[in-house]
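A.B. asks: Below: one structure in structure tokens.
The values are calculated or read from the model by the stated rules, or taken from the named source; none is laboratory data. Note that the structure is a prediction, hence the values are computed from the model and not measured. Every residue, glycine among them, receives a Cβ derived from its backbone with ideal geometry; neighbour counts consider all protein chains shown.
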Ligand SMILES: [Zn+2]
Ligand SMILES: [Zn+2]
């Protein structure tokens, strides 16, 4: 159970040690398989009426490279910067602009249960276009060759057809010469 009691924050910060299975956060996505526990440390600190949570989380997902379609693993390390407020007037956007932080999350003033907030940070950290490497050359759209491992076969085809074309051109020229010679 991930929970921080506000009375524990009276004169000190509380560090929440996160070490949970992905199911705990209800983590599932059609393109990503969560294969590791979610771990991390998040420090909760009280500022007047608001509570600030800062730290990081870490987990691993399995997915496929969008360029070459190879299976790959990815480490997610979302940063945690959250602001909790129980005074509803603080939740208005003007106050947020003044404080220069993100929109506060409402809590009842007694305890914070950050499970859903952490879940959201993890899901937002999933890339839209995961690549196995920034240099991944991907697949040829024409012949499907994995360009990281093999040369594209289209190029060979182009060369072959160029040769054929040259040969045909030669034949035509020869033909013309023949016509000229016959004159
Ligand atoms: Zn790739
Ligand atoms: Zn090709």
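A.B. asks: Out of 147, 76, 139, which single residue is within 21 Å of the chain's Cα centre (by Cα), surrounded by 11 or more Cβ atoms within 10 Å (Cβ to Cβ), within 16 Å of ligand 2 (Cβ to nearest atom) and at pLDDT 90 or above?
C.D. replies: Numbers: 147 fails: within 21 Å of the chain's Cα centre (by Cα); 76 fails: within 16 Å of ligand 2 (Cβ to nearest atom).
Of 147, 76, 139, the one residue that is within 21 Å of the chain's Cα centre (by Cα), surrounded by 11 or more Cβ atoms within 10 Å (Cβ to Cβ), within 16 Å of ligand 2 (Cβ to nearest atom) and at pLDDT 90 or above is 139.
A.B. asks: Going residue by residue through the range 41-58, is there one that turns out to be modelled with pLDDT of 95 or more, assigned by TED's automatic domain parsing to the domain that holds residue 73 and more than 25 Å from residue 86 (Cα to Cα)?
C.D. replies: Yes.
A.B. asks: Taking into account only those residues within the range 28-40 that are more than 16 Å from ligand 1 (Cβ to nearest atom) and at pLDDT 95 or above, which is nearest to residue 83 (Cα to Cα)?
C.D. replies: Keep residues of the range 28-40 that are more than 16 Å from ligand 1 (Cβ to nearest atom), which gives 28-30, 33-40.
Subset that is at pLDDT 95 or above: 33-40.
Working: 33: 29, 34: 27, 35: 29, 36: 27, 37: 25, 38: 21, 39: 20, 40: 18 Å.
Looking at the filtered set, the residue picked out is 40.
A.B. asks: Residues that are in contact with a strand residue (DSSP E or B) (Cβ under 6 Å, 6 or more places away or on another chain) and within 28 Å of residue 147 (Cβ to Cβ), at least 1 per element: which strands (runs of 3 or more DSSP E) completely within the range 22-76 meet that?
C.D. replies: Numbers: elements: 38-47, 50-64, 71-76.
Answer list for the range 22-76: 50-64, 71-76.
A.B. asks: Any idea which residue in the range 121-132 is nearest to the chain's Cα centre (by Cα), counting only those that are closer than 19 Å to residue 82 by Cα and surrounded by 13 or more Cβ atoms within 10 Å (Cβ to Cβ)? Give the steps one after another, and end with the answer.
C.D. replies: We begin by selecting, within the range 121-132, every residue closer than 19 Å to residue 82 by Cα; these are 121-126.
Next, from what is left, pick out any that are surrounded by 13 or more Cβ atoms within 10 Å (Cβ to Cβ): 121-123, 125-126.
Numbers: 121: 11, 122: 10, 123: 9, 125: 5, 126: 3 Å.
Looking at the filtered set, the residue picked out is 126.
A.B. asks: Only residues that are part of a loop (DSSP other than H, G, I, E, B) and loosely packed, with under 13 Cβ neighbours inside 10 Å: list them for the range 1-12, please. It would help to see each step written out before you state the result.
C.D. replies: Filtering the range 1-12 for residues part of a loop (DSSP other than H, G, I, E, B) gives 1-3, 10-12.
Within the range 1-12, 1, 3, 10, 11, 12 meet the criteria.
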